[in-house]
Each structure stands twice: as structure tokens, then as C-alpha cells.
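Student: Before I ask anything, here is the structure I am working with.
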Amino acid sequence: MDSDTPSFKGQTLTASLSSVQAYPAERFRAEYGANAGDPMGVLEDLVLDDIYLLNSPAPPQRLSIAAHHDGSFCIADDTALGAPGAALHLDSLITLMPDRGPNTGILVMVEADAEGYIAAIYLVPLAPLQPQMPYTLVKAEREPARRKLAQSACVSFTRGTRITLATGAQRLIEDMRAGDRVLTRDDGIQEVRWVGQSTLRAVGDLAPILIRKGALNNAGDLIVSPGHRLMVYQRSDEIGAGAPEILVRARDLVNGDTVVVLDGGFADYFQILFDRHHIIYAEGIAAESTFLDPVTRPALPEEFWSLRPGTLPAQHMRGAHGLDVSRSLLDRPDAVGLLKRASLR
């Protein structure tokens with residue numbers, strides 16, 4: 001990115017700050033097994049078949065993350081957990097088997113102090129954890145952790161989404177391939193560099209959002225990942241954003257009627273990547289493409305770099321597509337209707 005990229009604690013960020021929902025490890029302790037009485041620890045300390053319990057119904061808290069050019073993380077200023085500025089390391093991906101229901105995953109993240117010692121451990125669940133439910137530790141791995149975090153952080157479309165091609169024709173996202181030419185709002189016709197696919201538990205923070213047909217003038221139902229940003233061009237500023245071009249996250253539009261959470265089961269998520277971040281058309285409305293930063297970059301397979309002619313820029317470029325709208329401006333039952341009206345007037 002250019003020299004205007006914001007800095008944090010003396011380092012330059014490659015992306016805007018992100019956040020995850022996490023528990024302090026002290027809230028998830030071994031009830032039975034070799035580590036009985038101890039909180040969930042780092043990979044080297046874990047013992048398979050230990051049984052853990054979440055000791056309180058209190059919800060997880062926000063762990064804010066800043067990502068740097070070298071791929072390292074630290075805790076950002078607006079965090080609810082941890083010490084702002086402290087180094088943060090992704091330790092492992094663990095798999096838990098509950099007494100009832102499917103297995104679930106947890107990312108283990110470690111806060112380090114100035115000397116590099118462990119200051120705190122945080123657990124990022126990939127599906128909601130139930131308090132007082134026994135969870136048996138069945139797998140603990142380091143290598144897949146970074147890729148799983150990347151897949152969870154990527155903005156994605158779900159199977160069946162129709163993407164507008166350069167010709168104006170519609171193509172299902174699952175049928176898109178590298179080399180396809182797509183119509184972008186910001187830079188005309190652009191060539192797809194990569195299309196990825198991942199299957200994730202469609203629960204909690206990873207449950208997809210359904211924007212029903214017509215809710216935002218979309219031609220059909222649009223289902224996207226919760227953090228996916230849609231672009232709205234306001235002909236009149238109905239929500240008081242102060243800008244005509246705005247970006248709104250799907251999860252901030254949920255109203256239980258025209259925009260709903262599809263919680264349960266699994267979701268096939270698809271990522272579409274260009275040489276830079278673009279606004280494309282999905283089900284006839286403007287939505288962002290995948291953006292690579294130090295968090296999401298590991299979502300690309302290693303063979304991408306050798307099989308695909310050319311290389312992406314070392315720093316994938318994010319375009320200036322509009323004002324990011326805060327959740328507070330959308331925290332009203334008529335927000336979706338106002339945005340629809342604003343785009344028509």
C-alpha cells in the first residue's frame with residue numbers, strides 16, 4: 001500500500017483492523033484428564049482425550065487484531081481483551097467432540113509480553129460453545145491454523161450466487177474460473193485471478209446472511225458471509241452517512257425479515273480474487289471481491305503462485321469504494337428499506 005497506509009506501534013498495516021470473538025482460556029478448563037483443573041493451553045501442553053467445560057454462560061468478547069506486512073499480529077487499540085500493542089501469535093487449531101452434536105474447532109491465540117513470554121491465551125471458537133457441555137479434545141494441529149483463520153476472515157459468496165460477466169451474462173460463482181472476465185463497478189472489465197472454496201460450519205459468527213430478493217433491489221436471493229460489504233449508491237442520504245457511496249456489512253443489515261441469519265448446518269463459501277480489490281455485481285447488486293492481507297492471504301493454496309502466470313502484487317491493493325458505515329447508523333428496523341429507497345431516488 002502507499003505511504004498513507006496507517007501505522008500502528010511503529011509498523012505499517014497492510015489492512016484495516018479486524019476482530020474476532022474470543023474467550024480467555026481461563027473460562028475453558030479441563031474437567032477430566034491429564035490437565036484436569038488447568039485452562040486450555042498451547043499445543044505443547046495439550047493432551048488428547050482431556051475433557052473441557054466452558055464454566056460460564058457469559059458471551060465471548062472482542063479481540064481486535066492488527067496485521068503487519070511481515071505477517072505478524074498484535075492487539076489493536078479498540079480491543080475488549082488483552083493489552084493494546086502486545087504481540088499476538090496464532091498457536092494452533094484444536095478439534096473438540098461435544099457430548100451431543102458435531103465436532104467444533106477452536107483457534108488458540110497467544111498474547112506475548114515484552115520479553116516474549118506468554119501473557120494470556122485466547123480461544124476463538126469456530127462454532128458457539130455451550131456452557132457446561134463436556135468437550136473432548138480429539139485433535140490439535142499447528143499447520144492448518146493459519147489457513148482456517150484466513151478462510152474464516154475472507155469475504156465470500158455462497159453456492160448459487162450469480163456473478164455478472166463482462167458480457168452482461170450471469171454465471172454461478174461455483175462455475176467461475178481463473179481467466180473469466182467480470183464486470184466491475186470501479187474499473188470496467190477485469191480478469192479473475194483465482195476462485196477459492198471452503199466449507200465451514202454455518203453457525204454463530206460464521207453463519208451466512210440471506211438478503212432476500214428485492215431487499216436492496218437485488219434480482220434474486222443473495223447469501224454472503226456475515227462480514228461481506230455491499231455497496232449502496234445513495235441518491236439521497238436517507239441514513240445520515242454524509243456520503244453518496246457507502247459500504248455496509250451484511251451482518252449489520254439483519255432485521256429478521258428481509259435480511260436474516262441462516263444459522264445451522266454447513267455453508268459452501270466461495271472467494272473471488274482479482275489483481276486488486278473490486279466492486280462486482282452479485283445477483284445484480286454491488287458487492288466487494290476478496291481482499292488479500294496478512295490474515296486472508298493463506299487462504300490461497302501454495303500451487304496458486306506457481307500455476308498461475310504472473311504474480312499478485314506483494315501488497316494487494318484495496319480500492320477506495322466508499323464510506324464504511326458504522327453499525328450505529330444501521331441499528332434501526334427500517335435501515336434496509338431506507339437504503340433501498342435511497343438508491344432509487
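The values are calculated or read from the model by the stated rules, or taken from the named source; none is laboratory data. None of the values given here were measured: they were computed from a predicted structure. Cβ sites come from the backbone with ideal geometry, for glycine too, and all protein chains shown count toward neighbours. Protein only, heavy atoms only, side chains kept; ligands, DNA and RNA dropped before computing areas. Shrake-Rupley method; radii C 1.70, N 1.55, O 1.52, S 1.80 Å.
Student: Just how large is the dipole of the chain about the Cα centre, in debye to the nearest 20, putting +1 at every Lys and Arg Cβ and -1 at every Asp and Glu Cβ? Mind dumping the intermediate values first?
Tutor: On the way: 33 positive and 43 negative charges, 256 e Å.
Its charge dipole is roughly 1240 debye.
Student: While we're looking at this one, here's another question. On the accessible surface of region 231-302, probed at 1.4 Å, how many percent belong to carbon and sulfur atoms? Write down the numbers at each step before the final one.
Tutor: On the way: 1150 of 2520 Å².
C and S fraction of accessible area: 46 percent.
Student: Moving on. Out of residues 5 or more away from Gln234 or on other chains, whose amide H comes under 5 Å of its own, with H placed 1.01 Å from N in the peptide plane?
Tutor: It is Glu245, Ile246, by chain and number.
Student: Let me ask something else. Explain nothing, just compute: Karplus ³J(HN,Hα) = 6.51 cos²θ - 1.76 cosθ + 1.60, θ = phi - 60°, for every residue of region 165-176 in order, whole Hz, x for Gly and Pro.
Tutor: My calculation for region 165-176 gives 8, 4, 7, x, 5, 9, 9, 5, 4, 5, 9, 6 Hz in order.
Student: Counting only residues 5 or more places away or on other chains, whose amide H sits under 5 Å from the amide H of Ala127 once H atoms are built in the peptide plane?
Tutor: Counting only residues 5 or more places away or on other chains, the set is Gly105.
Student: Also, quick follow-up: If Asp268, Asp50 are ordered by their accessible area, calculated over protein heavy atoms with a 1.4 Å probe, which sequence runs from highest to lowest?
Tutor: Details: Asp268 50, Asp50 5 Å².
Listed by decreasing accessible area, they come as Asp268, Asp50.
Student: Determine by what factor the alpha-carbon radius of gyration of region 199-242 differs from 2.2 N^0.38 Å, reporting the quotient. Don't skip to the answer; put the middle values down first.
Tutor: Working: Rg = 13.3 Å, N = 44, 2.2 N^0.38 = 9.3 Å.
Expressed relative to 2.2 N^0.38 Å, the Cα Rg reads 1.43.
Student: Remind me, relative contact order of the chain in percent, using alpha carbon pairs under 8 angstrom and six or more residues apart? The partial results should precede the final answer.
Tutor: Details: 832 pairs, mean separation 53.6, N = 345.
Dividing the mean separation by the residue count of the chain yields 16 percent.
Student: Follow-up question, since we're still on this one. I'd like to know which of Leu90, Ser343, Thr296 lies farthest towards the positive end of the charge dipole of the chain, counting +1 on Cβ of Lys and Arg and -1 on Cβ of Asp and Glu.
Tutor: Farthest towards the positive pole: Ser343.
Student: I would also like to ask the following. Would you please state the base-10 log of I(q)/I(0) at q = 0.14 1/Å for the chain, with intensities from the Debye formula using one equal scatterer on every alpha carbon?
Tutor: Rounded to two decimals, the profile gives -1.22.
Student: Probe of 1.4 angstrom, ligands and nucleic acids ignored: what's the accessible area per residue over the chain, in square angstrom?
Tutor: 45
Student: Rounded to the nearest angstrom and ordered from largest down, what semi-axes does the equivalent ellipsoid of region 82-199 get from its C-alpha gyration tensor (root of 5λ)?
Tutor: Details: eigenvalues 287, 88, 26 Å².
After diagonalising the Cα gyration tensor, the semi-axes are 38, 21, 11 Å.
Student: Enumerate the amide H contacts of Glu31 below 5 Å, restricted to partners 5 or more residues apart or on another chain; note that Pro and chain-start residues carry no placed amide H.
Tutor: Residues meeting the amide H criterion: Gly37, Ile51, Tyr52, Leu53.
Student: Can you give me the angle between helix 335-344 and the longest principal axis of the chain, using Cα atoms only, in degrees from 0 to 90, rounded to the nearest 10?
Tutor: Tilt relative to the chain: about 30 degrees.
Student: A follow-up question, please. Once neighbouring chains are kept in place and the probe is 1.4 Å, which whole percent of the accessible area of region 69-207 is contributed by carbon and sulfur? Don't skip to the end; give the middle numbers.
Tutor: Values: 2950 of 6120 Å².
Looking at region 69-207 in its full context, I get 48 percent from C and S.
Student: What 222 nm value per residue comes from the helices of the chain, counting each DSSP H run with n ≥ 4 as -39,500 (n - 2.57) and dividing by all residues, nearest 500 deg cm²/dmol?
Tutor: On the way: 4 runs with 28 residues, N = 345.
Calculated at 222 nm, the ellipticity per residue is -2000 deg cm²/dmol.
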